[in-house]
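The values are calculated or read from the model by the stated rules, or taken from the named source; none is laboratory data. All values reported here derive from a predicted model rather than from experimental measurement. Please note: Cβ atoms are built from the backbone with ideal geometry, for glycine as well, and neighbour counts cover all protein chains shown. These accessible areas exclude ligands, DNA and RNA; they are computed on the full protein's heavy atoms, side chains included. Shrake-Rupley method; radii C 1.70, N 1.55, O 1.52, S 1.80 Å.
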Amino acid sequence: MIISSCPGWVCYAEKTHGNFILPYLSTTRSPQQMMGSLVKNYWAEKHGKRPDQIYHVTVMPCYDKKLEASREDFYNDVYQTREVDLVVSTLEIEQMIEKENVDFEHMEPSPLDRELSSVTEDGKVLSHRGGGSGGYLDYVFRHAAKELFGEEVTQLNLKTLRNQDFKEISLEKDGKAVLTFAIAYGFRNIQNLVQKLKRGKCNYDLVEVMACPSGCLNGGAQIRRETAIPDKSLLQDVTEKYDEVPTREPNENASLHSILHEWITTEEARKQLLHTKFHAIEKNVNALALKW
(Lines give C-alpha, C1' and ligand atoms only; values in the text may rest on other atoms or scores of the structure.)
Protein backbone atom coordinates (compact mmCIF):
# COMPACT_ATOMS: atom_id res chain seq x y z
CA MET A 1 0.00 0.00 0.00
CA ILE A 2 1.19 3.51 -0.82
CA ILE A 3 0.17 6.56 1.23
CA SER A 4 -1.88 8.98 -0.89
CA SER A 5 -2.02 12.17 1.21
CA CYS A 6 0.38 14.05 -1.12
CA PRO A 7 -1.60 15.60 -4.04
CA GLY A 8 1.56 16.06 -6.12
CA TRP A 9 2.19 12.33 -5.95
CA VAL A 10 -1.47 11.47 -6.63
CA CYS A 11 -1.57 13.76 -9.69
CA TYR A 12 1.64 12.18 -11.01
CA ALA A 13 0.30 8.67 -10.39
CA GLU A 14 -3.01 9.36 -12.15
CA LYS A 15 -1.44 11.04 -15.18
CA THR A 16 1.73 9.00 -15.63
CA HIS A 17 1.07 5.46 -14.40
CA GLY A 18 -2.73 5.28 -14.23
CA ASN A 19 -4.34 1.92 -13.62
CA PHE A 20 -1.00 0.23 -12.97
CA ILE A 21 -0.23 2.22 -9.82
CA LEU A 22 -3.66 3.38 -8.58
CA PRO A 23 -4.71 0.02 -7.01
CA TYR A 24 -1.76 0.37 -4.63
CA LEU A 25 -2.85 3.79 -3.31
CA SER A 26 -4.53 4.04 0.08
CA THR A 27 -8.10 5.33 -0.34
CA THR A 28 -7.99 7.10 3.02
CA ARG A 29 -8.49 10.83 2.54
CA SER A 30 -5.65 13.27 3.16
CA PRO A 31 -5.79 15.28 6.42
CA GLN A 32 -7.00 18.35 4.50
CA GLN A 33 -9.92 16.52 2.91
CA MET A 34 -10.66 14.57 6.08
CA MET A 35 -11.10 17.93 7.82
CA GLY A 36 -13.17 19.14 4.87
CA SER A 37 -15.56 16.25 5.40
CA LEU A 38 -15.66 16.90 9.14
CA VAL A 39 -16.32 20.64 8.82
CA LYS A 40 -18.92 20.51 6.04
CA ASN A 41 -20.76 17.48 7.44
CA TYR A 42 -20.24 16.71 11.14
CA TRP A 43 -19.52 20.26 12.36
CA ALA A 44 -22.19 21.80 10.12
CA GLU A 45 -24.88 19.45 11.39
CA LYS A 46 -23.77 19.91 15.00
CA HIS A 47 -24.15 23.69 14.71
CA GLY A 48 -27.34 23.68 12.65
CA LYS A 49 -25.69 24.90 9.46
CA ARG A 50 -25.90 23.78 5.86
CA PRO A 51 -22.57 22.93 4.19
CA ASP A 52 -22.94 25.91 1.85
CA GLN A 53 -23.27 28.27 4.82
CA ILE A 54 -19.69 27.53 5.88
CA TYR A 55 -16.56 28.89 4.21
CA HIS A 56 -13.76 26.48 5.02
CA VAL A 57 -10.15 27.69 4.70
CA THR A 58 -7.01 25.60 5.20
CA VAL A 59 -3.37 26.68 5.51
CA MET A 60 -0.95 24.35 3.74
CA PRO A 61 2.79 24.15 2.86
CA CYS A 62 1.98 22.99 -0.68
CA TYR A 63 0.45 24.62 -3.77
CA ASP A 64 -0.83 21.24 -4.96
CA LYS A 65 -3.27 21.25 -2.04
CA LYS A 66 -5.21 23.85 -4.05
CA LEU A 67 -5.58 21.28 -6.84
CA GLU A 68 -6.63 18.63 -4.35
CA ALA A 69 -9.37 20.86 -2.91
CA SER A 70 -10.73 21.49 -6.42
CA ARG A 71 -11.18 17.78 -7.27
CA GLU A 72 -14.74 16.84 -8.17
CA ASP A 73 -14.58 14.02 -5.61
CA PHE A 74 -14.70 16.67 -2.88
CA TYR A 75 -17.61 18.68 -4.27
CA ASN A 76 -21.08 18.47 -2.73
CA ASP A 77 -23.56 18.42 -5.64
CA VAL A 78 -26.59 18.77 -3.39
CA TYR A 79 -25.47 22.03 -1.75
CA GLN A 80 -23.13 23.07 -4.59
CA THR A 81 -20.15 23.67 -2.33
CA ARG A 82 -16.64 22.34 -1.97
CA GLU A 83 -15.51 20.69 1.25
CA VAL A 84 -12.50 23.02 1.28
CA ASP A 85 -13.36 26.42 -0.18
CA LEU A 86 -9.93 28.04 -0.08
CA VAL A 87 -6.36 26.83 0.42
CA VAL A 88 -3.84 29.43 1.54
CA SER A 89 -0.14 28.55 1.54
CA THR A 90 2.20 29.45 4.38
CA LEU A 91 4.08 31.68 1.94
CA GLU A 92 0.85 33.53 1.10
CA ILE A 93 0.13 33.94 4.83
CA GLU A 94 3.53 35.58 5.25
CA GLN A 95 2.84 37.90 2.30
CA MET A 96 -0.53 38.93 3.74
CA ILE A 97 1.04 39.64 7.13
CA GLU A 98 3.69 41.83 5.52
CA LYS A 99 1.14 43.64 3.34
CA GLU A 100 -1.06 44.49 6.34
CA ASN A 101 1.95 45.38 8.56
CA VAL A 102 0.68 43.12 11.33
CA ASP A 103 2.40 43.80 14.65
CA PHE A 104 2.14 40.60 16.68
CA GLU A 105 3.83 42.09 19.74
CA HIS A 106 0.95 44.52 20.30
CA MET A 107 -1.95 42.23 19.41
CA GLU A 108 -4.38 41.09 22.08
CA PRO A 109 -3.90 37.36 22.80
CA SER A 110 -6.78 35.06 21.94
CA PRO A 111 -7.36 31.50 23.17
CA LEU A 112 -6.95 28.69 20.64
CA ASP A 113 -10.11 26.99 19.46
CA ARG A 114 -10.15 23.45 20.85
CA GLU A 115 -13.01 22.14 18.70
CA LEU A 116 -11.78 19.71 16.01
CA SER A 117 -8.19 20.54 16.94
CA SER A 118 -5.21 19.13 18.83
CA VAL A 119 -5.18 21.65 21.66
CA THR A 120 -5.17 20.68 25.33
CA GLU A 121 -7.41 22.25 28.00
CA ASP A 122 -4.52 24.47 29.12
CA GLY A 123 -3.96 25.76 25.57
CA LYS A 124 -0.99 23.66 24.46
CA VAL A 125 -0.74 22.56 20.84
CA LEU A 126 -0.12 18.85 20.28
CA SER A 127 1.44 17.08 17.32
CA HIS A 128 2.06 13.47 16.30
CA ARG A 129 5.06 11.20 16.10
CA GLY A 130 6.86 10.38 12.89
CA GLY A 131 8.04 13.70 11.44
CA GLY A 132 6.57 16.59 9.52
CA SER A 133 4.90 14.70 6.67
CA GLY A 134 2.04 13.12 8.59
CA GLY A 135 3.80 10.34 10.50
CA TYR A 136 1.98 7.62 8.55
CA LEU A 137 4.82 5.10 8.46
CA ASP A 138 5.54 5.59 12.16
CA TYR A 139 1.99 5.06 13.36
CA VAL A 140 0.95 2.26 10.99
CA PHE A 141 4.19 0.33 11.57
CA ARG A 142 3.84 0.45 15.35
CA HIS A 143 0.11 -0.34 15.19
CA ALA A 144 0.59 -3.26 12.78
CA ALA A 145 3.47 -4.66 14.82
CA LYS A 146 1.29 -4.70 17.94
CA GLU A 147 -1.99 -5.87 16.39
CA LEU A 148 -0.59 -8.47 14.00
CA PHE A 149 2.46 -9.79 15.85
CA GLY A 150 2.07 -8.68 19.47
CA GLU A 151 5.26 -6.60 19.29
CA GLU A 152 5.46 -3.27 21.15
CA VAL A 153 7.69 -0.99 19.05
CA THR A 154 8.71 2.18 20.89
CA GLN A 155 11.47 3.50 18.64
CA LEU A 156 11.77 3.25 14.87
CA ASN A 157 15.28 3.05 13.42
CA LEU A 158 15.02 3.52 9.68
CA LYS A 159 17.86 2.38 7.46
CA THR A 160 19.02 4.89 4.83
CA LEU A 161 19.21 3.39 1.34
CA ARG A 162 20.08 5.45 -1.76
CA ASN A 163 19.85 8.80 0.06
CA GLN A 164 18.32 10.48 3.11
CA ASP A 165 14.91 10.56 1.40
CA PHE A 166 14.73 6.81 0.79
CA LYS A 167 14.67 4.73 3.96
CA GLU A 168 13.20 1.44 5.12
CA ILE A 169 12.48 -0.44 8.31
CA SER A 170 11.62 -4.08 9.00
CA LEU A 171 10.12 -6.01 11.89
CA GLU A 172 11.73 -9.40 12.32
CA LYS A 173 10.43 -12.49 14.12
CA ASP A 174 12.44 -15.68 14.35
CA GLY A 175 15.01 -14.20 11.97
CA LYS A 176 12.45 -13.44 9.26
CA ALA A 177 11.13 -10.02 8.17
CA VAL A 178 7.36 -10.01 8.75
CA LEU A 179 6.82 -6.29 8.09
CA THR A 180 8.83 -4.02 5.78
CA PHE A 181 7.93 -0.35 5.36
CA ALA A 182 9.68 2.49 3.53
CA ILE A 183 9.61 6.24 2.91
CA ALA A 184 10.28 7.69 -0.55
CA TYR A 185 10.41 11.49 -0.81
CA GLY A 186 11.08 13.41 -4.04
CA PHE A 187 10.39 12.31 -7.61
CA ARG A 188 13.78 10.68 -8.10
CA ASN A 189 13.00 8.20 -5.35
CA ILE A 190 9.36 7.88 -6.46
CA GLN A 191 10.51 6.87 -9.94
CA ASN A 192 12.84 4.27 -8.45
CA LEU A 193 9.94 2.93 -6.37
CA VAL A 194 7.67 2.69 -9.42
CA GLN A 195 10.37 0.85 -11.39
CA LYS A 196 10.70 -1.65 -8.54
CA LEU A 197 6.95 -2.24 -8.69
CA LYS A 198 7.01 -2.74 -12.45
CA ARG A 199 9.84 -5.26 -12.16
CA GLY A 200 8.07 -7.11 -9.38
CA LYS A 201 10.91 -6.41 -6.98
CA CYS A 202 9.11 -4.19 -4.47
CA ASN A 203 8.64 -6.15 -1.24
CA TYR A 204 7.36 -3.29 0.90
CA ASP A 205 4.07 -3.66 2.79
CA LEU A 206 3.62 0.12 2.99
CA VAL A 207 5.43 3.14 1.54
CA GLU A 208 5.05 6.73 2.73
CA VAL A 209 5.43 8.82 -0.46
CA MET A 210 5.81 12.59 -0.69
CA ALA A 211 6.59 14.52 -3.89
CA CYS A 212 8.82 17.11 -2.19
CA PRO A 213 12.39 16.17 -1.21
CA SER A 214 12.56 16.02 2.61
CA GLY A 215 8.76 15.92 2.77
CA CYS A 216 6.15 18.52 3.70
CA LEU A 217 8.38 20.68 5.89
CA ASN A 218 10.21 21.44 2.66
CA GLY A 219 6.98 22.00 0.70
CA GLY A 220 7.02 24.15 -2.42
CA ALA A 221 4.77 26.77 -0.83
CA GLN A 222 6.73 27.13 2.39
CA ILE A 223 8.11 30.47 3.56
CA ARG A 224 11.34 31.34 1.76
CA ARG A 225 14.62 32.01 3.55
CA GLU A 226 15.80 35.62 3.72
CA THR A 227 19.40 35.10 4.80
CA ALA A 228 22.43 33.25 3.51
CA ILE A 229 21.58 30.21 5.64
CA PRO A 230 21.98 27.08 3.47
CA ASP A 231 18.72 25.30 2.66
CA LYS A 232 19.77 22.15 4.51
CA SER A 233 20.61 24.12 7.66
CA LEU A 234 17.28 25.97 7.53
CA LEU A 235 15.37 22.72 6.99
CA GLN A 236 17.20 21.16 9.93
CA ASP A 237 16.18 24.13 12.12
CA VAL A 238 12.55 23.81 11.01
CA THR A 239 12.59 20.06 11.67
CA GLU A 240 14.00 20.54 15.16
CA LYS A 241 11.35 23.15 15.97
CA TYR A 242 8.63 20.84 14.69
CA ASP A 243 9.95 17.95 16.78
CA GLU A 244 9.86 20.10 19.93
CA VAL A 245 6.05 20.13 19.90
CA PRO A 246 4.60 17.58 22.38
CA THR A 247 3.01 14.56 20.74
CA ARG A 248 -0.08 12.46 21.38
CA GLU A 249 -1.17 9.11 19.99
CA PRO A 250 -4.30 9.30 17.81
CA ASN A 251 -6.06 6.72 19.97
CA GLU A 252 -5.50 8.95 23.03
CA ASN A 253 -7.69 11.68 21.51
CA ALA A 254 -11.04 11.34 23.31
CA SER A 255 -12.80 13.78 20.97
CA LEU A 256 -11.80 11.65 17.98
CA HIS A 257 -13.53 8.61 19.46
CA SER A 258 -16.70 10.57 20.22
CA ILE A 259 -16.79 12.09 16.71
CA LEU A 260 -16.47 8.69 15.05
CA HIS A 261 -19.12 7.22 17.36
CA GLU A 262 -21.61 10.06 16.71
CA TRP A 263 -20.86 10.65 13.04
CA ILE A 264 -19.83 7.40 11.38
CA THR A 265 -22.63 4.94 12.06
CA THR A 266 -22.46 2.70 8.98
CA GLU A 267 -19.81 1.21 6.72
CA GLU A 268 -21.27 3.13 3.77
CA ALA A 269 -20.88 6.41 5.68
CA ARG A 270 -17.28 5.51 6.51
CA LYS A 271 -16.48 4.94 2.83
CA GLN A 272 -18.21 8.13 1.70
CA LEU A 273 -16.88 10.50 4.38
CA LEU A 274 -13.40 9.15 5.15
CA HIS A 275 -12.25 7.70 1.83
CA THR A 276 -11.80 8.86 -1.75
CA LYS A 277 -11.25 7.52 -5.28
CA PHE A 278 -8.56 7.96 -7.91
CA HIS A 279 -8.91 8.31 -11.66
CA ALA A 280 -6.52 7.27 -14.39
CA ILE A 281 -6.07 10.07 -16.93
CA GLU A 282 -5.64 9.25 -20.60
CA LYS A 283 -2.32 10.56 -21.86
CA ASN A 284 -3.85 12.03 -25.02
CA VAL A 285 -6.27 14.21 -23.05
CA ASN A 286 -5.63 17.97 -23.13
CA ALA A 287 -4.56 18.87 -19.58
CA LEU A 288 -6.23 22.29 -19.93
CA ALA A 289 -9.61 20.60 -20.29
CA LEU A 290 -9.32 18.48 -17.15
CA LYS A 291 -11.48 19.09 -14.07
CA TRP A 292 -9.00 18.63 -11.25
Quickly run through the range 73-100 and pick out the residues that are under 19 Å from Lys271 (Cα atoms) and open to solvent by 30 Å² or more (accessible area, probe 1.4 Å).
Asp73, Tyr75, Asn76, Asp77, Val78, Arg82
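Filter the range 47-71 for residues that are in a helix (DSSP H, G or I) and either under 19 Å from the mean Cα position of the chain (by Cα) or surrounded by 14 or more Cβ atoms within 10 Å (Cβ to Cβ) (or both) and give the result. Give the steps one after another, and end with the answer.
Restricting attention to the range 47-71, the residues satisfying the condition of being in a helix (DSSP H, G or I) are 51-53, 64-69.
Across the range 47-71, the qualifying residues are Pro51, Asp52, Asp64, Lys65, Lys66, Leu67, Glu68, Ala69.
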Of the residues that sit in the range 5-28 and are part of a helix (DSSP H, G or I) and touching a strand residue (DSSP E or B) at 6+ places or on another chain (Cβ under 6 Å), which one is nearest to Ala221 (Cα to Cα)?
Trp9
Subset of the range 92-141 (residues that are without any contact (Cβ under 8 Å) to a residue 60 or more places away in the chain, charged (D, E, K, R) and farther than 21 Å from Glu226 by Cβ)
Glu108, Asp113, Arg114, Glu121, Asp122, Asp138
Out of all the residues in the range 220-237, which are at pLDDT below 75 and aliphatic (A, V, I, L, M)?
Ala228, Ile229
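Residues that are in contact with a Leu (Cβ under 8 Å, 6 or more places away or on another chain) and either open to solvent by less than 90 Å² (accessible area, probe 1.4 Å) or aliphatic (A, V, I, L, M) (or both): find the helices (runs of 4 or more DSSP H) completely inside the range 177-265 holding 2 or more of those.
Working: elements: 187-198, 231-243, 254-263.
Result: 231-243, 254-263.
Matching residues to (1) farther than 21 Å from Ala13 by Cβ; (2) not aliphatic (A, V, I, L, M):
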{"site": "Arg129", "(1), (2)": "yes, yes"}
{"site": "Ser133", "(1), (2)": "no, yes"}
{"site": "Leu156", "(1), (2)": "yes, no"}
{"site": "Arg162", "(1), (2)": "no, yes"}
{"site": "Glu168", "(1), (2)": "no, yes"}
{"site": "Lys173", "(1), (2)": "yes, yes"}
{"site": "Leu179", "(1), (2)": "yes, no"}
{"site": "Gln191", "(1), (2)": "no, yes"}
{"site": "Gln195", "(1), (2)": "no, yes"}
What are the pairs with Cβ atoms under 9 angstrom where one residue, in the range 52-67, is within 17 Å of Pro31 (Cβ to Cβ) and the other, located anywhere, is part of a strand (DSSP E or B) and open to solvent by 40 Å² or more (accessible area, probe 1.4 Å)? Sequence gap at least six, or different chains.
His56/Arg82; His56/Leu86; Val57/Leu86; Thr58/Leu86; Lys66/Leu86
